[in-house]
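Remarks on the structure that follows.
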Amino acid sequence: MRQEPSAAIDFREIADSVPTLIWVSDQNKDGVWFNRTWLDFTGATIEEEMGSGWLARICPDDMPAIDECVRAFADRRPFQTEFRLRRADGVYRWMIDTGVPRYDDQGRFAGFVGSLVDIDAWKNAEEQRRLLSRGINPSRTTATIATASALAHELNQPLTAVSSYIRGARRLLANGHPIEDALVALEAAETCALRAGEIIRAVRSMVMRNEPQARAHDLRTIVDEAILISDLGEGLAWVDNEVPPGHAVRVDAVKIEQVIINLLRNAIEACDGVPQPRIVLSAQDDGNWIAVSVSDNGGGLPDKIRMQPFEPFQSSKASGLGIGLAICRSIVEAHGGEIRLVSTGPEGTTMRFTVPAVGGAKAAASA
């Protein structure tokens, strides 16, 4: 077995112990080594990062920054560039990447060695100062971003459902099914499209901090519509609606429906890959409040979300906005209720929220 030079061993031991992300490439620009700090930050294995694999961690919007690295390789000169790198929890952090050429014992070009330093806090502070210098209130800008994020998140489900039901109708007609069958799918698409318009008004109302437009509704009807919008043609036969008819609640139906859709879609995604998935929606009435539970037999929430499940802008999905549960909390609390994580683990997760019952003390006081 070939014995590695002690200098190489010393370098790797030292590089693995520093808090900076360090990388090494060969003369073909392929990554050949990444230190332990890099792997801990990205959550990737060294095999996943080798070659050009590490490029998958860079924010797609920042890929032009890699052009500077390419030019530096061609010129064999040091370089410095900035881009966002995806952390193990899916959050992108601004990094400054500095690289220098390296040479072997014979003086031949062997590639580059470089380091990444997290400058995210500095970038955010600079943006705050830039906004203030232009007379823009950063808090108002944040509120605008939050509004846009909420709209993007909440509209995604009904608009995706519209597309899914229309595709289903087209398939039915193309395969010679009766037009009545296609009309059922088109009616479902119409329901989802109308719901999208109501969501826009609901999010605007929430941002303006208006009180929910609470009226008496049958909870079972709200849950049925939430399942319809969440279906997306997947055939959710394994979703059990155990909420009986007759549970009267005083709520803004569109907003509470969005709470159920968010919880339901999280549960559906948690059950992905489970051999026999099962989701149960149930309700308990204590006279004043009705507690709605959504339980699944998926793999449970990741540790980073389990500790603070309702904290905004954290997600277990690479493309997730991480605001679904935060929106749920805002809606439920606006109704005077509360939402909480009851349990999570390898056997599944249960989320529960409360809404005022018609005739209950709280509902009567606000009617």
* Structure fact -> Taking the stretch 323-347 and the residues there that are over 19 Å from the mean Cα position of the chain (by Cα) and assigned to a helix (DSSP H, G or I), the one that is farthest from L263 (Cα to Cα) would be A334
* Asked: Going through the stretch 161-185 one residue at a time, which ones are assigned to a helix (DSSP H, G or I), at pLDDT 70 or above and either surrounded by fewer than 17 Cβ atoms within 10 Å (Cβ to Cβ) or of a type in the set (D, E, K, R) (or both)?
  -> R167, R170, R171, L173, A174, I179, E180, D181, L183, V184
* List the pairs whose first member sits in the stretch 105-118 and is touching a residue at least 24 places away in the same chain (Cβ under 8 Å), whose second member is part of a strand (DSSP E or B) and among the basic types (K, R), and whose Cβ atoms are under 6 Å apart, counting only residues at least 6 apart or on separate chains? -> A110/R102; G111/R102; V113/R102; D118/R93
* Tell me, which helices (runs of 4 or more DSSP H) lie completely within the stretch 10-108 with 1 or more residues that are out of contact with any Gly (no Cβ under 6 Å at 6 or more places or on another chain) and among the aromatic types (F, W, Y)? -> 36-42, 66-75
* Structure fact -> Output for Cβ contacts, cut-off 6 Å, separation at least six or different chains, first residue within 19 Å of W33 (Cα to Cα) in the stretch 75-102, second in a loop (DSSP other than H, G, I, E, B) and not aromatic (F, W, Y), reads A88/G43; I96/I119; V100/P78; P101/R76
* Please enumerate the residues belonging to the stretch 78-117 that are among the aromatic types (F, W, Y) and under 16 Å from A65 (Cα atoms). => F79, F83, Y92, W94
* Scope the stretch 325-354; condition closer than 15 Å to L281 by Cβ and of a type in the set (A, V, I, L, M); matching residues -> I339, V342, M351
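Residue-wise test of (1) modelled with pLDDT of 90 or more; (2) more than 30 Å from E225 (Cα to Cα); (3) not assigned by TED's automatic domain parsing to the domain that holds D303.
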residue	(1), (2), (3)
G51	yes, yes, yes
R87	yes, yes, yes
I96	no, yes, yes
F109	yes, yes, yes
L132	no, yes, yes
E154	no, no, no
L159	no, no, no
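The values are calculated or read from the model by the stated rules, or taken from the named source; none is laboratory data. Bear in mind that the values here come from a model prediction, so they are computed numbers and not experimental data. Neighbour counts run over all protein chains shown; Cβ positions are idealised from the backbone, glycine included.
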